[in-house]
Amino acid sequence: MSAPLRALDRRKDGRPAAPVRLLHLGLGNFFRAHAAWYTEHAPDAAAWGIAAFTGRSPAAAVALRAQDALYTLLVRGPDGARPEVVSSVSAVHTADDLVALRAYFASTDLAVVTATVTEAGYCRSSSGDLDTASPAVRRDIEALAADPVAGPVDTVPGRVVAGLLARRAAGAGALAIVSNDNLPDNGQVMARVVSGLAAAVDPTLLPWIEDSVSFVTTVVDRITPRTTDEDRAEVSRQLDVDDPEVVPTEQFTEWILAGDFPNGRPAWEGAGARFVRDVRPFEQRKLWLLNGAHSLMAYAGSIRGHETVAQAIGDPVVRGWVEEWWSCACAHLELPAAELDDYCTSLRTRFGNAAIRHLLAQIAADGSQKVPVRVVPVVRAGLEDGRVDPGATRPVAGWIAHLRGHGAPVTDVRADEVTDLSRGTTQEAVARVLTWLGVADERVARVVALQVADLEEFPST
Ligand code: CS2
C-alpha cells in the first residue's frame, strides 16, 4: 500500500511567511497564478507578504489555512506540467472578516491593495458610475453612514471605503490601490466606484482620497482555468503532496502597470512586470485580441458543440472566425503591425494548448460586463470608418444567440435584463441588444441578424 499523501507545510515546502504589506481582495485562481506569483518572484519577496481575502466562497480560506497559506501552481506547458509551491500569501481571511480588513488598512505597514474581483465586482451601472440602485450597494452605504468604524459591508467598493475610513482615522498615510481586472482603465473604474461610495457615506473622505490614494491601472494576462481533479492528481504524483488548492495555469504571463506607489511596492519588475506611463495600447491589444477572441469562442464555439478553448480553436470554422476577428481588431490598434503579428502568433499557441482545460462556459459568464469592453469598441471603430465588418460583429451575434438559449448556459449578473433583451424574433432581439450596447445601426443590425440566424441553425448538442 502506498504511503498517505502529506499536506503542504511551510517548514518543509515554503519560505517563512513575509510581513503583511499587501492586501488582496478576491483570492481566486487568477490572483494565485498572477499577482501572487509576481510577488513570489520579486527579488525582495521576503519583505512583502500578502493578506488575501476570499470572494464569495469561504471554502478556499479554510483549505488554504490548513496548509499555512501555501498552494501549488501547476504550470502546464507543451513540455509537460511543472509544479511550484507559492509562499507569497502570508495570511488568508474570509470576505466577512471585516475586523482584520480594517486593521490591515489602519496599519502604516500596508502599502498596496490589489483586487481581482471580476468585471461584475465593481458594481457599476451602465454609465460606469457606482450602481446606487443595487440593493447591496445601498446596504453598504447605509451601514457605513450609520457606523463608519464597524458597519458591515459586502461589496468591493464598500470594503475599500470601509478600509479607507479606518486608514484615515488611524492617520496611516497614503497607499496604492491596484485593479487587476479585465476592464479598460481599470484604475479609473476602481476610483469611480470607490469615490461614488465614499461621497454617499462621508463626502469629507473625498479630498483625503484625492491626496492619499493612488489608483493604479494595469493590464493583466495569464490564462488560468478552474482546477480539475486531474490537476490535483498530477501534483500528488509529482510532489507526493495532497493539495486541494492546486492552481493550473499556462507558462505565459504578463503584468503591465501605470501609476504611483506612494508607500512603496515589491520590485515586481524583477519578476517581469512592466511599469509604463500609459497602458492603453497594451490594454486594447490584450482586451480585443485575447479576451475578444475568447468571448467569440465562448459563444460561437460552444454553439458548435465545443467545450474548451483548445477544442474550439482546433475547429477550422471557429479558427477562421477568430482570424477574421483579429484582422478587424488589428486594423484599429496603435501598436506596430509586426508586434501585433507576434501577439496573434503567440495567442494561436496559447489557445491551442490542450493541457489547459479552459472551459468556454466559464468564459461565457457575465457577457453583459465583457462584450461592451472587449468586442463593441472594434465594431464602433469600424463604423467610424464607415464599415460594417462581419468579422467584427460575429462575437455580438454569438452573444445574442447564446442569450437566446444556444451554446453555453447563461450565467450573468444581469441575466434577467439581458435575456429579456434577446426575446422575440431575431430582428427584435438584435435591435434591442444593439441599442443596449450603444451600437444601434441598421447596417450592423442586418449583418448581425444573418449571423445569429446562421448560428442558430447549428444543431444543438
Ligand atoms: C477570459 C479571461 O474568462 C474570461 O473572460 O477571457 O479570464 C482570460 O482568460 C484572462 O484575461 C487571460 O489573461
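Rule-based calculations on the coordinates, nothing more; no lab input. Quick caveat, the model's predicted, so the values are computed rather than measured. Methodologically, a virtual Cβ is constructed for each residue, glycine included, from the backbone with ideal geometry; neighbour enumeration extends over all protein chains shown.
At a glance:
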read-out	value
Which of MET190, MET297 has the fewest Cβ neighbours within 10 Å, and the rest in rising order	MET190, MET297
On Cα atoms only, tilt of 229-239 relative to the major axis of the chain in degrees	50
Largest-first principal axis extents, alpha carbons of segment 281-456, Å	43, 37, 27
Cα-based convex hull, segment 177-275, per residue volume (Å³, whole number)	152
Mean projected area (nm²) of the alpha-carbon convex hull when segment 10-278 is viewed from all directions	13.8
Descending semi-axes in Å of the chain, equivalent ellipsoid built from Cα gyration tensor	36, 28, 20
Segment TRP208-GLU254, length gained on full extension (0.36 nm per residue, minus Cα span)	13.3 nm
Solution diffusion estimate, µm²/s, Stokes-Einstein, segment 362-461, Kirkwood Rh from C-alpha pairs, 37 °C, viscosity 0.692 mPa s	246
Per-q log10 I(q)/I(0), segment 95-189, q = 0.20, 0.23 Å⁻¹ (Debye; single scatterer per alpha-carbon; no solvent)	-1.04, -1.27
ARG11/VAL317 FRET efficiency (R0 56 Å; Cβ-Cβ; nearest 0.05)	0.55
Protection proxy ranking, peptides 238-250, 153-165, average beta carbon neighbours within 10 Å, highest first	153-165, 238-250
Sorted by Cβ neighbour density within 10 Å, fewest at the top, the residues TYR343, TYR71	TYR343, TYR71
